[in-house]
Amino acid sequence: MTRGRGLLYLLLGIYAALTLGPFLWSLSASFKTVEAVSAWPPTLIPRPFTLENYTYLLEKLPFLRWMFNSLVIAGIVTVANVFLNAMAGYALARLRFPGRKVLFWIIIGTMMIPGQVVIIPVFILLSKLGWIDSYAALTIPFLTSAFGVFMYRQFFLGVPKSLEEAAMLDGMGPFQTFFRIILPLAKPVMAAQAIFMFLGSWNGFMWPAMLLSTPAMYTLPVGLSSFQGQYYTLWNLVMAGTMFVTAPVVVVFIIFQRYFIQGVSTTGIK
Amino acid sequence: MAAVQFKAVTKTFDTTVVDKMDLQAREGEFVVLVGPSGCGKSTSLRMLAGLETVTDGSIHIGDRDVTALHPKDRGVAMVFQDYALYPHLTVEENISLGLKVRKLDPAEITERVASAAKVLELEKFLSKKPGQLSGGQRQRVAMGRAIVKRPEVYLFDEPLSNLDAKLRAQLRIEITRLHRRMKKTVFYVTHDQVEAMTLADTIAVMNEGKIQQVGPPMELYRHPKNRFVASFIGTPQMNFLDAELDGLTLKTKIFSLRIPDGLATEFTDFPKHFTLGCRPHDISRAAAGAGTAAMSADMVEQRGAESFLHCVQDGVSIVARCEPEDAPSPGENIHLRFNLARFHYFDSETNERLVAR
Ligand SMILES: Nc1ncnc2c1ncn2[C@@H]1O[C@H](COP(=O)(O)OP(=O)(O)OP(=O)(O)O)[C@@H](O)[C@H]1O
Ligand SMILES: [Mg+2]
């Protein structure tokens, strides 16, 4: 028992070191001067300690603007996914309408298509719509996700029907039933999707890099990549920028982790 | 005028599960629908609630034809087998939500919730969530949710079947008391005939989608209309024996009895062969003699106040009641006397009752 525990802690410790290590190195690098970053052997405590990297980013580059762009885009995508996926999932789980099986399999089918395959058609479509270099291109195509719909549908299939019948006898229509009874039960799923969707959008690089050309429209990851030089990279600046990318993610996770862990450890209602 | 009326109600899914059901309840009557699993009880109740459409026929509450009405407009409240409490709301919110949705005056809501909580002894739990309550307490909350609506008709679908025996007995009494107080029409579905007998003003026995017999509990017990009702009502089950008439002698495989002259007229139109029914309570141990059946005791079922003997002879099995102190040991040879005055007779082909008493 205690030996098992010891082994467990050892493994967890190794894993924690592997994940935390790079983060701590980045954090420390973001407070180092450019000479100290490339000094050998590397040190964890920045000496000399400097805030210049941050002030440079904030004063010389539109970093706050990029952060704002990222927040708006990720925010819209997250909220839309959490609610729209839920509504679609509920409809597929409970409402009877012609073609619902076919629709469900089409939605599942889209998950089987590799993302790379659709890059060019989607790009052409967006350019025909005149959406290149706009927020619309980065939000509207991403408002729902097939996997999100599927996740909600599976959850709603497990909710007892009698709850909805009780709501019906209580005088609630379909929308009231959904928002007052059904959706609150799905809180763990909502939290999990909020985290996934926010992370996905916030860290997203490929689409914004392809679709944006005006520097003021950049999202954080695109902006960050723009000052990775062709011949050399100022790692201290990049790492300071990385901290801007990481901090909101940590905040989101801390807010939602209670629900998130609940969502991972329990599947149904009880 | 009937408070609730099913008129030739039929429900067909893939097959017909409720077949031309006619049933009515008087104002304030406690009607129990009872029958084996899958006989269509829940479906009937759900049609009355409006949770299931009616394939054919019509349902009336008071003088309104509610067949096509939305559940919320029917003036009914339902208690579900799994309680169907909203898990994320407190007891108080669970009870009051239906009233809030109907936009009742908040003062009125508070008053109704308080009075229901008092009647059901839920005051201590009002701020708890359903997950923190025991089964019996959840059941009470479900009843509270129904009561506050002040419905015309209460619907219960096996509300006690998830509870242990002791709690079930206790809640049966509470429901009876509640009904006496509310004086509202109740439709109650169960497959438990003890529950049916103890709760009902009127029992409707169903089998395979058809109503078999409707009547007060004791009438069904004393005068079952067919073999199905006879076997369904009363525990242990009624014993059935193949019998024939030879003049005025009633013959079965295990005993023969002379029919007293006074009763002879009842048997004038009998077919030669028929089925005889006799309840365990109408059979007793006796000394060997004319008219008794010699049997071998197979097993004794002790119930405390009384015992039931399971006996066999010539491939015939009989269950008889006896006093616990009279119980034989297994394998012992004993004699049983059958009380002819309490016999039931059924047609062997149609299973219908032969003497209309
Ligand atoms: N939605 C449905 N679709 C198809 N068949 C159904 C549906 N609901 C019920 N049935 C069938 O109708 C029959 C009667 O069901 P019902 O639920 O009324 O039985 P019940 O008498 O309440 O039985 P139990 O005591 O098991 O609850 C069953 O054979 C059942 O399979
Ligand atoms: Mg049922």
Worksheet item: Could you sort B:253, A:32 by accessible area so the largest value comes first, with the probe set to 1.4 Å?
Response: B:253, A:32
Discussion item. Which residues does the label zone of residue B:303 cover in segment B:202-227, counting backbone N under 19 Å from a point 7 Å along Cα→Cβ?
Written reply: B:217-224
Worksheet item: What residues from segment B:265-304 fall in the zone where the backbone N is under 16 Å from a label point 7 Å along the Cα-to-C-beta line of residue B:165?
Response: B:301-304
Fill in: Cα→Cβ-extended label distance, 7 Å offset, between residue A:110 and residue B:14, nm
3.3
Fill in: Karplus 3J(HN,Hα) series, Hz, for segment B:65-76 with 6.51 cos²θ - 1.76 cosθ + 1.60 (x for Gly, Pro)
7, 9, 3, 9, 7, 5, x, 6, 9, 8, x, 10
Worksheet item: Using all Cα-Cα distances in segment A:1-50, what percent lands in each 5 angstrom bin from 0 up to the longest?
Response: 5, 20, 19, 14, 11, 10, 8, 7, 4, 1
Worksheet, complete the sentence: The farthest towards the positive end of the charge dipole of segment B:234-318, of the residues B:241, B:307, B:265, given +1 on Cβ of Lys and Arg and -1 on Cβ of Asp and Glu, is B:307
Worksheet item: Can you work out the FRET efficiency for the pair residue B:223 and residue B:114, with r the C-beta to C-beta distance and R0 = 41 Å, to the nearest 0.05?
Response: 0.35
Practice prompt. Take the alpha carbon atoms of segment B:283-342, find their center, do the same for segment B:1-66, and report the distance between the two centers in whole angstrom.
Written response: 42
Practice prompt. Give, ordered by residue number, each residue of segment A:156-179 whose 1.4 Å probe accessible area is reduced by a minimum of 30 Å² on adding the remaining protein chains to the chain alone.
Written response: A:162, A:163, A:165, A:166, A:168, A:169, A:170, A:171, A:172
Discussion item. If I ignore ligands, DNA and RNA and count only protein heavy atoms, how much of residue A:66 is accessible to a 1.4 Å probe, in Å² to the nearest 10?
Written reply: 10
Response to the item:
Of every hundred units of 1.4 Å-probe accessible area on the protein assembly as shown, the number belonging to carbon and sulfur atoms, as a percent, is 60
Worksheet item: Taking the Cα centre of chain B as the origin and placing charges on Cβ (Lys, Arg +1; Asp, Glu -1), which of B:338, B:223, B:71 is farthest toward the positive end of the dipole?
Response: B:71
Worksheet item: For labels at residue A:58 and residue A:127 in the simple 7 Å Cα→Cβ model, what's the distance in nm?
Response: 4.0
Discussion item. Which positions within segment B:19-66 get 40 Å² or more of their accessible surface covered by the other protein chains, compared to the chain by itself, with a 1.4 angstrom probe?
Written reply: B:51
Practice prompt. Rounded to the nearest 10 degrees, what's the angle between the helix B:106-119 long axis and the longest principal axis of chain B, both from Cα atoms, 0 to 90?
Written response: 30
Fill in: Residue-by-residue Karplus 3J(HN,Hα) for segment B:51-59, coefficients 6.51, -1.76, 1.60, Hz, glycine and proline x
8, 9, 6, 9, 6, 8, x, 8, 10
Worksheet entry | Heavy-atom accessible surface that B and A bury in contact, both chains counted, 1.4 Å, Å² to 100 | 1700
Discussion item. Over the Cα atoms, compute the radius of gyration (one decimal) and Dmax (the largest Cα-Cα distance, rounded to a whole number) for the protein assembly as shown, in Å.
Written reply: 36.9, 124
Worksheet item: Leaving out ligands, DNA and RNA but keeping every protein chain, what accessible area does residue A:20 have, in Å² rounded to the nearest 10, with a 1.4 Å probe?
Response: 90
Practice prompt. First measure r as the distance between the Cβ atoms of residue A:254 and residue A:234, then evaluate 1/(1 + (r/R0)^6) with R0 = 25 Å and state the FRET efficiency to the nearest 0.05.
Written response: 0.25
Item to complete: Just reorder B:31, A:102 by solvent-accessible area, largest first, 1.4 Å probe, all chains present.
Response: A:102, B:31
Item to complete: Could you order A:84, A:64, B:85 by accessible surface area, starting with the largest, using a probe radius of 1.4 Å?
Response: A:64, A:84, B:85
Response to the item:
For residue B:73, placing the label point 7 angstrom along Cα-to-beta-carbon and taking segment B:11-48, residues whose amide nitrogen sits under 15 Å are none
Worksheet entry | For B:98-105, mean number of other protein chain Cβ atoms within 10 Å | 3
Fill in: Mean projected area (nm²) of the alpha-carbon convex hull when segment A:60-266 is viewed from all directions
14.5
Worksheet item: Are there GluC sites (Glu not before Pro) in segment B:46-140 that DSSP puts in a loop and that have at most 14 other Cβ atoms within 10 Å, and which ones?
Response: B:121
Response to the item:
Over the protein assembly as shown, with neighbouring protein chains present, the accessible area per residue in Å² at probe 1.4 Å is 51
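The values are calculated or read from the model by the stated rules, or taken from the named source; none is laboratory data. Everything numeric here is computed off the predicted structure, so don't read it as measured data. Backbone-built Cβ (ideal geometry, glycine too); neighbour counts: all protein chains shown. For accessibility, only protein heavy atoms count, side chains too; no ligands or nucleic acids. Shrake-Rupley method; radii C 1.70, N 1.55, O 1.52, S 1.80 Å.
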